[in-house]
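A short write-up of the structure that comes next.
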Amino acid sequence: MPKIVAARVIVTCPGRNFVTLKIECDDGTTGVGDATLNGRELAVATYLTEHVVPCLIGRDAHRIEDIWQYLYKGAYWRRGPVTMTAIAAVDMALWDIKGKVAGLPVYQLLGGACREGVMVYGHANGTTIEETVEVAREYQRQGYKAIRLQCGVPGMTSSYGVSKDRYFYEPADADLPTENVWSTSKYLRVVPELFAAAREALGWDVHLLHDIHHRLTPIEAGRLGRDLEPWRPFWLEDATPAENQAAFRLIRQHTTAPLAVGEIFNSIWDAKTLIEEQLIDYIRATVVHAGGITHLRRIAALADLYQVRTGCHGATDLSPVAMAAALHFDLSVPNFGIQEYMRHTPETDAVFPHAYSFEGGMMHPGDAPGLGVDIDEALAVGYDYKRAFLPVNRLEDGTLWSW
Ligand code: GCO
Ligand code: MG
């Protein structure tokens, strides 16, 4: 058995902050796990260093499920993004180690490939409808089969999902939170126009997605869903905050637009009602924020019973380690739906050399043993942590709203 002899947390900022856990075994095998929680990176780094790493030393790295249960039940204080991200990092690193010891890519340990590749969606955004559609066309030329559309809202100075630097969207942009302003009525007018223009320009052979980012009430989301139905959206994401899972019943009563939610979920309990009552079509929980491959498989297995498919979060604040883990999961899970893919910057890619690849709108994790991703520590050391917060959002009268 490979015995864990050391584990350390590496914080680096190659263009943005990433927290990585590296576990080392007595036979020299190492494994990596992503522990990045955007805007709260050092909370997870400290949780790992102070409360998790000391409990790992001396354990059998092959006992992935037992270590998961130990860290979850053993903490007494269950769930929460910080704890579950820390557990996820350990879990990813242990799957990486198991794969390396077995000489197999992780997806083989998870039951093998269920498909030839993983369909991903890219982000097209622009300040105007025309600009967004033009960027979407570019994605189509690159072979993407699915594209998320976000555009600026006329009369608003900034909008969620609209990047300053089109190709690498980075919302955590300031040393203290930026304040954005939001108008639901202005937003609700522009999105149907965006979808109409996109269908006109791109045709019907491409999937079109949209992220509402928790900003509507359920009834407003029902209205938007109805308005978008003629343009056949692939999904509407995070239509309303999901702390109250029953809120989605109201949306469902008013629209047949497929619904996706869950990028901020960290356990199966966040999604239980949504899945069991078939209130959603896609569950977006992700390896890094929902307890690792071990826990995400449990969520996917529950979802499979109710014809809910997976649609893992894959923004740039999830490191290439999480991306690799997601692709192994996606390839092997029977009820896979789609995977989000926002490219990392060249600096990030250099710090995290990886075996995964993109071709014709599909991705593959590669066949390197383990996760097929590593951290170049010599390079990582050159990029110091830089505090960066996500923005906050206010209505035009100053009321604090969901960002
Ligand atoms: C998405 C997400 C991201 C989040 C980001 C927060 O669908 O990709 O909504 O853009 O805002 O991950 O850190
Ligand atoms: Mg989202």
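The values are calculated or read from the model by the stated rules, or taken from the named source; none is laboratory data. Remember, it's a predicted structure, so these values are computed and weren't measured experimentally. Cβ atoms come from the backbone with ideal geometry, glycine included; neighbour counts cover every protein chain shown. Accessible surface areas use protein heavy atoms only, side chains included; no ligands, DNA or RNA. Shrake-Rupley method; radii C 1.70, N 1.55, O 1.52, S 1.80 Å.
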(Q) List the aspartates and glutamates whose Cα sits under 15 Å from the Cα of residue 272, skipping any in the same chain fewer than 8 residues away. (A) 243, 263, 281, 304
Q. Using the beta-carbon distance between residue 116 and residue 276 and R0 = 30 Å, what value does 1/(1 + (r/R0)^6) give for FRET efficiency, to the nearest 0.05?
A. 0.45
Q) Based on the Cα atoms of the stretch 248-362, what semi-axes does the equivalent ellipsoid have, where each is the square root of 5 times one gyration tensor eigenvalue, given in whole Å with the largest first? A) 27, 14, 13
Q: Using DSSP, restrict attention to beta bridges with both residues in the chain and report what percent are antiparallel, rounded to the nearest 5.
A: 45
Q: Between the alpha-carbon centers of the stretch 241-282 and the stretch 69-107, tell me the distance in whole angstrom.
A: 26
Q. If you project the alpha carbons of the stretch 4-105 onto their three principal axes, what span does each projection cover, largest first, in Å?
A. 36, 35, 22
Q. Non-local amide H neighbours of residue 235 (under 5 Å, H modeled in plane, Pro and chain starts lacking H): which ones?
A. 210
Q | Straight-distance crosslink candidates among lysines, where the alpha carbon sits under 30 Å from residue 100 and sequence neighbours closer than 8 are dropped | A | 3, 22, 73
Q.
Computing the accessible area with a 1.4 Å probe over protein heavy atoms, can you report the carbon and sulfur percentage for the chain?
A. 53
(Q) Between the stretch 147-185 and the stretch 357-403, how far is it from one alpha carbon centroid to the other, in angstrom? (A) 17
Q: Working from Cα positions, state the angle (0 to 90°, nearest 10) between the long axis of helix 320-332 and the longest principal axis of the chain.
A: 80
Q. How far is it, in nm, from the label point at residue 384 to the one at residue 367 when both lie 7 Å from their Cα along the line to the Cβ?
A. 4.5
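Over the chain, average the accessible area per residue using a 1.4 Å probe and give it in Å², no decimals.
On the way: 15780 Å² over 403 residues.
Averaged over the residues of the chain, the accessible area is 39 Å².
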Q: Report the local net charge at residue 401: Lys and Arg +1, Asp and Glu -1, summed over other residues whose C-beta lies under 12 Å from its C-beta.
A: -1
Q) Which lysines have a Cα less than 26 Å from the Cα of residue 186, not counting those fewer than 8 places away in the same chain? A) 164
**Q.** Bins of 10 Å, starting at 0 and running to the largest distance - Cα pair percent for the chain
**A.** 5, 23, 34, 26, 10, 2, 0
Q) Dividing the Cα convex hull volume of the stretch 330-403 by residue count, how many Å³ per residue is that? A) 183
Q) What nm distance separates the two modelled labels at residue 246 and residue 306, each placed 7 Å from Cα along Cα→Cβ? A) 1.5
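May I ask for the Rg/Rh ratio of the stretch 118-236, computed from Cα atoms with Rh as the Kirkwood radius, given to two decimals? All intermediate terms of the calculation are to be shown ahead of the outcome.
Working: Rg = 14.0 Å, Rh = 14.7 Å.
For the stretch 118-236, the value is 0.95.
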